[in-house]
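Right, one structure below, let's go through it.
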Protein chains: 2
Amino acid sequence: MRKVYLSNTPRKEALELFLNKVEIPRSMEIIAVAESTGRVTSEPVFARLSMPGYHAAAMDGIAVRAESTFGASDQNPLILKPEDDYCYINTGGPLPADFNAVIKIEDIQPFDDESVEILNPATPWQHVRAVGEDVVAGEIIVQAKHRLKPPDLGALLAGGISEVRVLKKPKVAIIPSGSEVIEPGRERKPGSVPDFNSTVIASYLHEWGAEPEIMPIVPDEPANIRTAVTAALEIHDLIIVIAGSSAGAKDFTFTVIEELGEVFLHGVATRPGKPTILGQANNKPVIGLPGYPVSAYMSLEWFVQPLLCRYLGLPLPQREKHPVTLGRRIISEIGVEEFIRMTVGYVDGRYMANPLTRGAGVTMSMVRADGLLVIPPNSLGFEQDETVDIELYRPLSELRCNLLAAGSHDLIIDLLGTALKERDPQVNITSSHLGSMGGIAAIGRGQAHLAGVHLFDPDTKEYNQSYIRKMLPDKKTHLVNLTYRMQGWIVPRGNPEGINRIEDLAEKKLAFINRQKGAGTRILFDHLLQEAGLSAKDIYGYEREEHTHLNIAAAVAAGTARVGLGILPAAKAFDLDFVPLIEERYDLLLSDSFYTSKEANLLLDIITDPLFQKQVEDMGGYSMRDAGKNIDGL
Amino acid sequence: MRKVYLSNTPRKEALELFLNKVEIPRSMEIIAVAESTGRVTSEPVFARLSMPGYHAAAMDGIAVRAESTFGASDQNPLILKPEDDYCYINTGGPLPADFNAVIKIEDIQPFDDESVEILNPATPWQHVRAVGEDVVAGEIIVQAKHRLKPPDLGALLAGGISEVRVLKKPKVAIIPSGSEVIEPGRERKPGSVPDFNSTVIASYLHEWGAEPEIMPIVPDEPANIRTAVTAALEIHDLIIVIAGSSAGAKDFTFTVIEELGEVFLHGVATRPGKPTILGQANNKPVIGLPGYPVSAYMSLEWFVQPLLCRYLGLPLPQREKHPVTLGRRIISEIGVEEFIRMTVGYVDGRYMANPLTRGAGVTMSMVRADGLLVIPPNSLGFEQDETVDIELYRPLSELRCNLLAAGSHDLIIDLLGTALKERDPQVNITSSHLGSMGGIAAIGRGQAHLAGVHLFDPDTKEYNQSYIRKMLPDKKTHLVNLTYRMQGWIVPRGNPEGINRIEDLAEKKLAFINRQKGAGTRILFDHLLQEAGLSAKDIYGYEREEHTHLNIAAAVAAGTARVGLGILPAAKAFDLDFVPLIEERYDLLLSDSFYTSKEANLLLDIITDPLFQKQVEDMGGYSMRDAGKNIDGL
């Protein structure tokens, strides 16, 4: 018997249910103030001592009795005798008994070896820091449930508090499950999945104030999972089981939690994150997280962070929201709350955002994301150019400096990103792999700063210009050469099929892996097909698409394709062979507004820097002979 | 010979000068990815392996050859035989060689013990996660100078990276100086100053990615300081000397840095923070920070954080800015850039901000601050009710829930804050100690949510109402009793002067410590004076003012006053004696808009909670017999 369908509980309802059912009981510990930054006080902290603990001079000068200085003036200088009338005092020094004011060193003049002269009277308590001016004994220095910041530590120490009572970090057990799962550093075989989720989850939990412990990986067997959860319940305040939370043949988390305690909920109406289990055992919260990384991290944030915040008595952190213009249409399904990772950049006066892949298995979409678009369950999505609010993963001030690179992707764009960031830490390049045609269109719509393009025109035998003229007839843009690069066949080591010409692919019915529509490499392939008098039908795998050179090489390396068209560095990355076919021109198309910016200047500086050019050419397959040249000037 | 005047270099100019003169050379280290959150990559990290490393099922179901399923339909079900035609596969499992698609478990039906039936064809590569779908070998996972976040760790591990090259944390020596300075936990004597600055500075440096080391405290002797700096130069990348940075008789930091290297600058045109020294020795940056805590922390942020950010290749974090309305006039001096710590709350649709004390020695102003007002050097300040931008120390979403308590302060207000936060972690109470009159005025101007008032009217022999009617004739407000509390003489233990009546103060010429104008306690004192037929002139120390009961008690405890008027808990905090004089009514005045809010409801709930009332009465000197009663209903 296995349960096949999950519930579709709205996320907020699920959270409310969970928070009502479970609670991490608070416990405290006493730690040194010096080690307490980021920790949360369990109760208000009252000052034990005052700071200063005595009346202290606030200036370098002399301590006096104000009353004995009355009457001093320009016309009537007053002579003060040492010990009786005054004594020297430094900032912070204790005011001697019976003195009640300080006169600044600048305002006194030596009269003879011992006495000094003043021209102005002192007012009582001038330039004196009274007892308790900073902290006064008995006052509350910090409230209960206060996350300690650096200056708080100073006030606590000033108030005579060296140790502080804080909430203990809740102990969280992270139990990775799955018979195919191996520790992340182990050697991988087909079918083995490295457990990187536990590390990410532990890292989030650390940030949120918990004390995570990654437990040994448990195989997909109910008995093993049960044993692991039971053992964790002895020690930990919260148990997280990773994977096995869905409704497949090997998904046992539900059964185990139900046996040991109670499942409150199985299935949230979200994408990603749906196969989440919320339950308890021994009155401790037990959560089954999905195995897909993005699902797991989202679900963790939705259900574990609020539990920890409540334990710590802290408000749930809210990400800043900001309106952005959508570069693409985004479709969503009614009844499902969708979470879409977005890249963001500031183009021509507006924040442009584009969706990253929605795949729940794509960790890189979390790495690359600048923000998160939350599509409510009652929405069918948004149109291109619509303005929507997104949650920001990075501060707006940084996103403002994001350069959006659309179009064809090349490793050089990443290297440019590195070099740019080195010269100005504010500047990042964010790439959307849209292909050359997509890049030109994005520049046309004001959705990108620059685009890599390498579009061969069989009619003119030239690259790029004719396409740009046709696609953006009325738009002022700038075309700058970045590189010439070698395209060729990416084939297994030793080129076992002896591939040379495109005809070889058709004749030998070799499994081919193609690039997506609009990619320059696909257009090149189509041109080669046409020249050879062949058509798509003659190529096995023509319809199978990948979006990058590296993914083409990966398919060949994995043996699921025998050949692909791509660039040398991709073949090298997978230790494959490369059969050079044609050198193509790869240009950067810059929007007019970007072309005149400081960042574009930096970019052109780097491209024309001989050191940078050498770094590129050393990778092989590139010539930087015209790099940085304006295309009209070629 | 000593240098008496400091330069007045604008802060930005000083920073530019400093950054041009010094640099922390970059060095790297290799650490485990699992330990790398928050660290900064020294170079781009390229994936070594692809994730997945094989074609993997994206669903539970069966693996098939898509081509052999073509033609399946409702009318024409297709029977698949095990092994030849299909095999069962779980999510994440490797697709067997020669299979190229997955059919979901929900879309198949058992036909007999072995075979299954399908009603729809599969398309090639459906429900298959291709090699490298998440991370593809050779791609850049994270750029150089990237601060690693939790999901980055997952992508690195997925890409076969277990160790990552990061920038070493710069080693910073913190040298506390001053012959009067003692370690913060040590017993204090008059004149000894606990070194809490080092702990705060170390805590900031930790947050900013450095590795601070607090060195032993060095006395104010050039030779000792020189030795300490010289030793630190051997090991550390950056040296910070705390205190001795001004131009006093015992300020030797300047001389030492000049001897060992070079002083670029002594004196910044800021308040606080002016006595800052920027220099170098052995080509390593050496900074002399002011001894006053607020000055030191500000100067650290201005000059050390940018140096560390540049080292790490990170943009300097910018605090969010937001417009606020000023509750008070703020005066500034031309030529000086002023930094004023502010409290902020959201009252009647606008963010109201009030300045905290400007004293550079008041650490508590940093603890309490919600934001920072930066007054440029060319400004004379701002008028009350003017709208200005301030930098936020806490997110706006939290400030929105700050309750501004103006007026007279009582410890119960702090206890209310604790209890409120316990019930709703969003809610904080921020107190301005304005005195009862100041509190009524603040409610009148829409600058506070609530105000503590205890104003005795000699004419009506009643509390508060007559004052409110007079000061706010047209404003709808609500007056709710908080407590009755005992006011009395705060005197040294044993009441050596036998103080009982106000006449005792006059007759014995005892040093008195008064409250500020507008405080209910001062008005009470004036009333007692008048009743006794005395005047201000008869009281020695009448003009010496403090703003809180605790500060009154502190003055008595320190022996600089022999008597003050105040409440019992203040006397108890300093182990002083208390001579009860009069029980007074202490009410809360609530603005009309606040009175109907959720937060006010919570507040009244707490005030009328018997547990809370018991907690208050247990402190002594309070009666909660009418707590929460509307004054009209008394």
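Cα-Cα over 21 Å: which of B:LYS21/B:LYS284; B:LYS145/B:LYS321; B:LYS145/B:LYS274; A:LYS149/B:LYS572; B:LYS145/B:LYS169?
Checking Cα-Cα distances, B:LYS145/B:LYS321; B:LYS145/B:LYS274; A:LYS149/B:LYS572 exceed 21 Å.
With each pseudo-label sitting 7 Å past Cα toward Cβ, what's the B:ASP385-A:LEU396 distance in nm, one decimal?
2.9
Tell me, what HN-Hα J-couplings in whole Hz come from the Karplus equation 6.51 cos²θ - 1.76 cosθ + 1.60 at θ = phi - 60° for each residue of the range A:429-437, using x for Gly and Pro?
For the range A:429-437, the Karplus-derived couplings read 9, 10, 9, 10, 8, 9, x, 4, 5 Hz, x marking Gly and Pro.
Among DSSP beta bridges whose residues both lie in the protein assembly as shown, state the antiparallel percentage, nearest 5.
70
In whole Hz, with x marking every Gly and Pro, tabulate ³J(HN,Hα) for the range A:284-300 from phi via Karplus 6.51 cos²θ - 1.76 cosθ + 1.60, θ = phi - 60°.
Each residue's phi maps through the Karplus curve to give 10, x, 10, 10, x, 9, x, x, 5, x, 4, 4, 4, 5, 5, 4, 4 Hz.
Taking the Cα centroid of the range A:72-148 and of the range B:114-145, what is the distance between the two, rounded to the nearest whole Å?
Comparing the Cα centres of the range A:72-148 and the range B:114-145, I get a distance of 76 Å.
Evaluate the Kirkwood expression for the hydrodynamic radius of the range B:92-169, namely the inverse of the mean inverse distance over all pairs of different C-alpha atoms, and round to one decimal in Å.
16.4
Just from the alpha-carbon atoms, what are the Rg and Dmax of the range A:128-207 in angstroms?
In order Rg, Dmax, the Cα atoms of the range A:128-207 give 23.1, 76 Å.
Can you give me the pair-distance distribution of the range A:114-156, C-alpha pairs, 5 Å bins, whole percents?
5, 14, 17, 15, 11, 9, 8, 8, 8, 4, 3, 0
What ³J(HN,Hα) values, in whole Hz, does the Karplus curve 6.51 cos²θ - 1.76 cosθ + 1.60 give for the range B:356-363 when θ = phi - 60°, with x put for Gly and Pro?
8, 4, 8, x, 5, x, 9, 4
Starting from the amide H of A:ILE582, placed 1.01 Å from N in the peptide plane, find each other amide H under 5 Å away whose residue is 5 or more places distant or on another chain.
The list, which skips near neighbours in sequence, is A:GLN487.
How far is helix B:222-235 tilted off the main Cα axis of chain B, in degrees rounded to 10, range 0 to 90?
With rounding to tens, the tilt is 10 degrees.
Over the alpha-carbon set of the range A:56-129, divide Rg by the Kirkwood Rh and report the Rg/Rh ratio to two decimals.
0.92
What whole-number volume per residue, in cubic angstrom, does the convex hull of the C-alpha atoms of the range A:444-578 give?
121
Using the Cα atoms of chain B to build a convex hull, what is its mean projected area in square nanometres?
Average of the hull's projected areas for chain B equals 41.9 nm².
Can you give the helix-only mean residue ellipticity at 222 nm for chain A, where every DSSP H stretch with n ≥ 4 adds -39500 (n - 2.57) and the sum goes over all residues, rounded to the nearest 500 deg cm²/dmol? Don't jump to the answer; show the numbers that get you there.
Numbers: 18 runs with 169 residues, N = 634.
Mean residue ellipticity, 222 nm, calculated: -7500 deg cm²/dmol.
Which of the lysines could a cross-linker span from B:LYS508 if the Cα-Cα distance has to be under 20 Å and same-chain partners fewer than 8 positions apart are dropped?
B:LYS537
Specify, per residue and in Å³, the volume enclosed by the convex hull of the alpha carbon atoms belonging to the range A:537-579. Intermediate values should be presented prior to the final figure.
Numbers: hull volume 3.0 nm³, N = 43.
It comes to 69 Å³ per residue, whole-number rounded.
For the range A:185-233 and the range A:462-476, write down the distance between their C-alpha centroids in whole Å.
Spelled out, the Cα-based centre of one part sits 53 Å from the other.
I'd like the orientation of helix A:598-607 relative to chain A: the angle between its Cα long axis and the longest Cα principal axis, in ° from 0 to 90, rounded to 10.
It works out to around 60 degrees.
Using alpha carbons only, how many angstrom separate the centre of the range A:256-295 from the centre of the range A:536-581?
40
Output the 0 to 90 degree angle, nearest 10, between the alpha-carbon long axis of helix A:549-558 and the longest principal axis computed from the alpha carbons of chain A.
Tilt of helix A:549-558: around 70 degrees.
What are the residues whose amide H is under 5 Å from the amide H of B:THR343, where those residues sit 5 or more places off or on another chain and H is modelled from the backbone?
B:ASN354, B:LEU356, B:ASP370
R0 = 60 Å: FRET efficiency of A:GLN109 with B:ASP474, Cβ-based, nearest 0.05?
Efficiency, rounded to the nearest 0.05: 0.55.
Starting from 0.36 nm per residue, how many nanometres of slack lie between A:LYS321 and A:GLU259 once their C-alpha separation is accounted for?
18.1 nm
Kirkwood Rh, the range A:255-413, all Cα pairs: how many Å?
It works out to 17.3 Å.
Amide H to amide H under 5 Å from B:CYS87: which residues, 5+ apart in sequence or cross-chain, H placed 1.01 Å off N in plane?
Amide H neighbours of B:CYS87: B:ALA63.
Rounded to the nearest 5, what is the percent of antiparallel bridges among the DSSP beta bridges in chain A?
Of those bridges, close to 70 percent are antiparallel.
Given +1 on the Cβ of Lys and Arg, -1 on the Cβ of Asp and Glu, and no further charges, what dipole in debye does the protein assembly as shown carry about its Cα centre, rounded to the nearest 20? Don't skip to the end; give the middle numbers.
Details: 126 positive and 166 negative charges, 151 e Å.
That gives the protein assembly as shown a dipole magnitude of about 720 debye.
Please report the relative contact order for the range A:257-309, taking Cα pairs under 8 Å with a sequence separation of at least 6, and give it as a percent rounded to a whole number.
Contact order relative to length: 27 percent.
Once all Cα-Cα distances of the protein assembly as shown are split into 10 Å bins that start at 0, what whole-number percent is in each one?
Per 10 Å bin, starting at 0, the Cα pair percentages come out as 2, 8, 14, 18, 18, 15, 11, 7, 4, 2, 1, 0.
Under unit Cβ charges (Lys, Arg +1; Asp, Glu -1), what dipole magnitude, rounded to 20 debye, does the range A:506-567 have relative to its Cα centre?
120
What does the net charge come to around A:GLU187 if you take all other residues with beta carbon closer than 15 Å to its beta carbon, with K and R at +1 and D and E at -1?
Net of charged neighbours comes to +1.
For the range B:214-323, give the magnitude of the charge dipole about the Cα centre (Cβ charges: +1 Lys/Arg, -1 Asp/Glu; no others), in debye to the nearest 20.
That gives the range B:214-323 a dipole magnitude of about 420 debye.
Which of the listed residues, A:ASN514, B:ALA405, B:ALA32, is farthest toward the dipole's positive end in the protein assembly as shown, when Lys, Arg count +1 and Asp, Glu count -1 at the beta-carbon?
So the residue furthest toward the plus end is B:ALA405.
Between A:GLU503 and A:ASP538, what is the spin-label point distance in nm, taking each point 7 Å from the Cα along the Cα→C-beta axis?
Each label point lies 7 Å from its Cα, and together they span 0.9 nm.
Given the C-alpha atoms of the range B:424-463, compute the convex hull and give its volume per residue in Å³.
For the range B:424-463, the hull spanned by Cα atoms encloses 85 Å³ per residue.
Which whole-number percent is the relative contact order of chain A (Cα, under 8 Å, 6+ apart)? Could you put the intermediate results ahead of the total?
Working: 1409 pairs, mean separation 64.6, N = 634.
The normalised contact order for chain A reaches 10 percent.
Read-outs throughout are calculated quantities, based only on the coordinates presented, and are distinct from any laboratory measurement. All values reported here derive from a predicted model rather than from experimental measurement. In this analysis, Cβ positions are derived from the backbone assuming ideal geometry, glycine residues included, and neighbour counts consider all displayed protein chains.
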